[in-house]
Amino acid sequence: FGKKHLFDQDEETCWNSDQGPSQWVILEFPQRICVSQLQIQFQGGFSSRQGRLEGSQGSEALSKIVDRLKVTFEDATDFFGRVVIYHLRVLGEKKV
């Protein structure tokens, strides 16, 4: 259930959040990227009805070209506020 399973492309593994009203994941990239799409595959009863995506270049204001993303999952469908994700993909292109 570790964070490495968000990106391993294995249908048998997943990431499992803690309990609570708001869960989040921060992604840090080795270089800046221009994000065009975010794909998330949840497990049926452990998903989020509402989410927020924030990106920044270090401590700068939010931008489409980022080296860090924060994905916040709010209003979970699970009674305890848990989120289970099988796949998380960030699509885009590298920026120099």
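The values are calculated or read from the model by the stated rules, or taken from the named source; none is laboratory data. This structure is a prediction, so every number in the text was calculated from the model and none was measured. What goes into the accessible areas is simple: the full protein's heavy atoms, side chains included, and nothing from ligands, DNA or RNA. Shrake-Rupley method; radii C 1.70, N 1.55, O 1.52, S 1.80 Å.
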Worksheet entry | Scope segment 41-60; condition over 12 Å from GLN23 (Cα atoms), open to solvent by less than 80 Å² (accessible area, probe 1.4 Å) and of a type outside the set (D, E, K, R); matching residues | GLN41, PHE42, GLN43, GLY44, GLY45, GLY55, SER56, GLN57, GLY58
Discussion item. Need the failing condition index for GLN41 against (1) modelled with pLDDT of 85 or more; (2) more than 21 Å from LYS4 (Cα to Cα), just the number.
Written reply: (2)
